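Working notes for the structure below.
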Amino acid sequence: MKKTEREEEARATLRRLDQQSEKILGAQPIEEAENDRIEILGKRIARIVSIIVLVVLVVYLWRTYLSG
């Protein structure tokens, strides 16, 4: 078998596996509207809140278990 034949066979196998495999959490993600201001604002708020929650959790765990 030549190298190009092996590459073609490998690519065909990968395509077949991709088509037959089950996608985790459903299908492809839905394309987002880039100009949806409310969605952008919601994402920013969620990111800020998640950072605040992470910092509070780290401080709480530090004070509870590591500070003597």
Of the conditions (1) modelled with pLDDT under 90; (2) part of a helix (DSSP H, G or I), Ile48 fails just one. Which one is it? (1)
Checking Glu34 against (1) at pLDDT 90 or above; (2) surrounded by fewer than 10 Cβ atoms within 10 Å (Cβ to Cβ); (3) under 21 Å from the mean Cα position of the chain (by Cα); (4) not hydrophobic (A, V, I, L, M, F, W, C), only one condition comes out false. Which one? (1)
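The values are calculated or read from the model by the stated rules, or taken from the named source; none is laboratory data. Worth saying up front: this structure is predicted, and the values here are computed from it rather than measured. When we count neighbours, we look across all protein chains shown, and the Cβ atoms used for this are built from the backbone with ideal geometry, even at glycine.
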